[in-house]
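Only one structure is covered here, and it is reproduced in the block below.
The values are calculated or read from the model by the stated rules, or taken from the named source; none is laboratory data. As the structure is a computational prediction, the values presented were derived from the model and not from experiment. As a convention, Cβ positions derive from the backbone with ideal geometry for all residues, glycine included, and neighbour counts pool all protein chains shown. Quick note on the areas: whole protein, heavy atoms, side chains included, nothing else; ligands and nucleic acids left out. Shrake-Rupley method; radii C 1.70, N 1.55, O 1.52, S 1.80 Å.
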Amino acid sequence: MASEIWGERWASSTSDIARRYMEVASRKQSLVCLAADRRTMAGLFELIDSVGPYLAALKTHVDLVDDWTPESWSDFCEKARDADLLIFEDRKFADIGKISRDQMAGVYDIRSWSDLVTAHLISGPDIVDGLQSGWDDVGRSGGVLLLAQMSSRGNLLNPNYTDEVVAKGKSHPGVFGFIGNGSSPEELIELRLKVGSEKLIWTPGVNLVVGDGEMGQRYGHPRDAVLAGSDCIIVGSGIHRSDNPTESAKEYAQSSWNALLERES
Ligand code: S5P
């Protein structure tokens, strides 16, 4: 089924994690990755209970949870797996390779529970090997999403920088995709042309209410992002701050899934 739905993206994919994502998304008929930016463990548990069935992946910022403990986090990850979700730690690693490898360990031990992480390529391509070594160290595997664009206004990821990131990321087997700017279909179309069809593009800066968000965030519509080439919409406050997170998650799932069907037909 995933192969029919995803067409060329599936056929040209060389990454296990990308294919796992496409399978989960097809099973759940949703291209939604929830940015679970709540600051308490209770808030996170409540969220996953109410919206888990409508998501394909769960994105975390493990270091913003006030009452984090290893035990509660491990329970949370188990719940995410029970809900058939890939776990994505949005750590935005940026240091040299060997330090990034060690940062996959440490207090949060990201390597032991994450399926994917984000990284900037500002320090050079060895960061990807460092992160992959982190997973290797615990006998696990995972995938890296490189930040090729950002959704925040005034960011410094200009088109030349994007070109460099895409050129280096495209040839690295540890990179399964790129973060693109979900608030701008024009930028996404450009990015898709540069990336080709083998790797995925995941996009934050997506909301059913388009326009400016808090503190420089910008939002585009989920449908427009997918039609412009996004394979996964990353949605935070549109769901976790909604009066009815379940209904909102359903809406984002429907909008993104319908756009994918439209795109491939
Ligand atoms: O360029 C970016 C990259 C990321 S990963 N812009 C972003 O907003 N993000 C993340 O997406 C950010 O860290 C947050 O977790 C989420 C957006 O949340 P929202 O509430 O604005 O939808």
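Observations, loosely collected:
- FRET efficiency estimate (nearest 0.05) - Cβ-Cβ, Asp212 to Arg81, R0 25 angstrom: 0.10
- Fraction of beta bridges assigned by DSSP in the chain that are antiparallel (%, nearest 5): 5 percent
- Hull-based mean projected area of the chain, where the convex hull spans the alpha carbons, in square nanometres: 12.5 nm²
- For the chain, a Gaussian network of Cα nodes joined below 10 Å ranks Glu247, Glu78, Glu214 by mean-square fluctuation, and the top entry is Glu214.
- Under a Gaussian network description of the chain, with springs only between Cα atoms under 10 Å, the residue in Ile127, Ile239, Ile96 that fluctuates furthest is Ile96.
- Fraction of accessible area attributable to carbon and sulfur, the stretch 223-262 (%, probe 1.4 Å): 38 percent
- DSSP loop trypsin sites (Lys or Arg not before Pro) with at most 14 other Cβ within 10 Å: longest gap in the chain: 40-139
- Take the Cα of Asp163, step 7 Å toward its Cβ, do the same at Ile189, and the gap between the two points is 2.0 nm.
- GNM top mover of Gly142, Gly106, Gly177 - the chain, alpha-carbon springs below 10 Å: Gly106
- Out of every Cα-Cα pair that the stretch 200-265 contains, those further apart than 18 angstrom amount to 32 percent.
- Antiparallel bridge percentage (DSSP; both residues within the stretch 133-265; nearest 5): 15 percent
- Cut-off 14 Å (backbone N to label point 7 Å along Cα→Cβ of Asp136), residues of the stretch 174-190: 174-175
- Where labels lie 7 Å past Cα in the beta-carbon direction, separation of Glu8 and Leu156 in nm: 3.5 nm
- In the context of the full set of protein chains, residues of the chain present 43 Å² of accessible surface per residue (probe radius 1.4 Å, heavy atoms only).
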